[in-house]
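I have placed the structure first, in the form of structure tokens, so that the comments after it can refer back to it.
The values are calculated or read from the model by the stated rules, or taken from the named source; none is laboratory data. Just so it is clear, the structure is predicted and the values come from calculations on it, not from any experiment. Note that we place each Cβ from the backbone using ideal geometry, even for glycine, and neighbour counts take in every protein chain shown. Surface accessibility is based on the protein's heavy atoms, side chains included, excluding ligands, DNA and RNA. Shrake-Rupley method; radii C 1.70, N 1.55, O 1.52, S 1.80 Å.
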Amino acid sequence: MTDEPPARPQAPVEPTPADAQWRRLDPRMLLIHPVREIVRAVPWLFGVLLAGSSFGDGERQWLWPLVGAGAVIGFSVLRWFTTTYRFTSEQVQLRTGLVRRNTLAAATEKVRAVDVTAPLLHRLLGLAAVEIGTGAGEKAVKLDGLGAAEAARLRAELLHRSAPTETVAAQANPNGGDAQPEYVAAVDDVLYRFELKWLRYAPLGFAGLATAGVVFGFTVQAVDQLGLRPSRADLPGALNRLEGLGVLSLIALVGVVAIVAVSFFSVAGAALSYYGFTLGRDRAGRTLHLRHGLVTTRSISLEVRRLRGLEVRRPLLLRAAGAARLNAIVTGVQRGEPSTAASTLLAPSSPLPVVTRTGDAVLRTAVVDLPVQPHGATATRRRYTRAVAPAAVLAAVGLALGLWLDLLLSGVVLAVVLLLGAVLLGRSRARMLGHAVTPDHLVTQSGSLAAQRSIIALDGTAAVTVRRSFFQRRAGIATVELALGAGAQGYTVIDLPDEQAEALAGHLLERALRR
């Protein structure tokens, strides 16, 4: 009798591209697509109504926009029938188009972030849109119309590298149907929670101004569509009243109105975007989860192993108020990409101590507020020179124009203001410039109007470069650049003395080689 080894259990067969079945999005999207497309087509339908009024009487002119609305609804329904997706052992694939078929695929091994968005209509119907980002410069795969439970399950599988299968929907809710979903993954450790009182910081940053512009533009369009514009008969009286105020009073009035309007729209936009903003981490410490939004709820998940550092952004006004913003540096995500800007925001404008605590909690070490080492007298002198030299040229031009236009006093005032502002700018830049090094991180900061501190994990180093321009060589200083496959791609330590630059570059290279 021979002893035979026990038979090994057979591993489940992963679906292959040939076996995986193409599926359509949730049928409930047939209720959302028509509504969304009709709203987008309102200006076009209004134009059709005006055009149709010249071809018939008052009753028949309504036929044209009805025909147009029917066409819009038909195309929106056709979109659902021509959109399919499938999961394979290695990819998530999306196929769209009728005449021209397009197939977009995302490799599961390259997933950087999973963004689950639930606009108001989606939330009412228990649906969500999943956007799968696989890297900078690559188009994200967006599955707009999954059941919310299925979306949550898919997010977990993609981020934990468990290939999605055709049984995702059944596993998400084994009892059938979609119960009222949770649009955010389970979080065991809450690292940050936004408080409504911090909305006061919204008008102080560049993001607040951009948000104010968007909300203002939407309001202007709404007023125009609803016919709420003042009549032309009211304009002459208003202009006469403004002329009676005087030039200085008029300028002050315009300034106050502008400040109030920007502040209002910034706060309104921030409330819509950041209401309920929460940053958390799962028990295993593998994933960061973000959730925010009032009307449209957005849930974003980032893999911790893709994290390469943090950015603490402190524009001038935000810095004066003692506040900052916190962003993540993630591999495959470049700074400035509109589609990923919200995905890397870990804390909107908040008090600086709160941002510092949040950053330390994310990195699991107290490094965000680490004191930095100044770069010496030469670097300080260059900060002043670069700020004052352009201002001196403008001041000279202002004086020349003042003499030519017989406005010497105005020219002198302008020159003094420019030079004083340049000196203050140079002083601010010199005070902000510095760096620090720990065994695991490089901290570098610079700037003034848009000051920023970057905390970079050294184990993500791709390359180290020491650069010296002609003027730097003459001054005996250099710039050390740390290259990453994330964020701004390159992070610099500016105007270090030559000896310190070489020592820093050697340390960074040694740390990179030990990975």
| note | Within the stretch 356-383, the residues that are more than 25 Å from Ala324 (Cα to Cα), assigned to a helix (DSSP H, G or I) and touching a residue at least 12 places away in the same chain (Cβ under 8 Å) are Thr378, Ala379, Arg382
| remark: Conditions (1) open to solvent by less than 10 Å² (accessible area, probe 1.4 Å); (2) out of contact with any His (no Cβ under 9 Å at 6 or more places or on another chain); (3) at pLDDT 85 or above -> Lys142 fails only (1)
| Scanning the stretch 75-91 for residues that are at pLDDT below 85 and over 24 Å from Val42 (Cβ atoms), which turns out most open to solvent (accessible area, probe 1.4 Å)? | Glu90
| said: Conditions first: (1) modelled with pLDDT under 90; (2) in contact with a Leu (Cβ under 8 Å, 6 or more places away or on another chain); (3) closer than 19 Å to Ala328 by Cα. Arg511 passes all but one, so which condition is the exception? | reply: (3)
| task | Any residue in the stretch 33-53 that's farther than 30 Å from Leu146 by Cβ and among the aromatic types (Phe, Trp, Tyr): show its pairings with residues that are part of a helix (DSSP H, G or I) and at pLDDT below 75 at Cβ separation under 9 Å, as long as the two are six or more apart or on different chains. | result | Phe46/Pro65; Phe46/Gln225
| task | Give the residue, chosen from Ala207, Ala156, Ala151, Ala202, that is assigned to a helix (DSSP H, G or I), under 17 Å from the mean Cα position of the chain (by Cα) and modelled with pLDDT of 75 or more. | result | Ala202
| note | Per the filter on the stretch 125-139, residues open to solvent by 30 Å² or more (accessible area, probe 1.4 Å) and either under 19 Å from His292 (Cβ atoms) or touching a helix residue (DSSP H, G or I) at 6+ places or on another chain (Cβ under 7 Å) (or both) are Leu125, Glu131
| Tabulated pairs, the stretch 128-153, first more than 15 Å from Gln91 (Cβ to Cβ), second basic (Lys, Arg) and at pLDDT 85 or above, C-beta under 9 angstrom, 6+ apart or interchain | Ala129/Lys142; Glu131/Lys142; Gly145/Arg24; Gly145/Arg28; Gly147/Arg28; Ala148/Arg123
| said: Condition first: open to solvent by less than 30 Å² (accessible area, probe 1.4 Å) and at pLDDT 70 or above. Now tell me which residues in the stretch 38-74 satisfy that. | reply: Ala41, Gly68, Ala69, Val72
| query | Mind checking which residues of the stretch 300-334 are at pLDDT below 90 and on the phi > 0 side of the Ramachandran plot? | reply | Gly332
| task | Name the strands (runs of 3 or more DSSP E) wholly inside the stretch 423-479 in which the number of residues that are β-branched (Val, Ile, Thr) is 3 or more. | result | 463-467
| message | From the list Leu302, Leu318, exactly one residue is closer than 16 Å to Leu346 by Cα, in contact (Cβ under 8 Å) with a residue 12 or more places away in the chain and of a type in the set (A, V, I, L, M, F, W, C). Which is it? | response | Leu302
| request: Restrict the check to the stretch 187-196 and report whether at least one residue is modelled with pLDDT under 80, in a loop (DSSP other than H, G, I, E, B) and closer than 18 Å to Arg291 by Cβ. | output: yes
| query | What pairs can you find where one residue is in the stretch 69-96 and under 15 Å from Pro27 (Cα atoms), the other is open to solvent by 40 Å² or more (accessible area, probe 1.4 Å), and their Cβ atoms are less than 6 Å apart, with a gap of 6+ or different chains? | reply | Trp80/Leu30; Thr82/Leu98; Thr83/Thr96; Thr84/Trp22; Thr84/Arg24; Thr84/Arg95
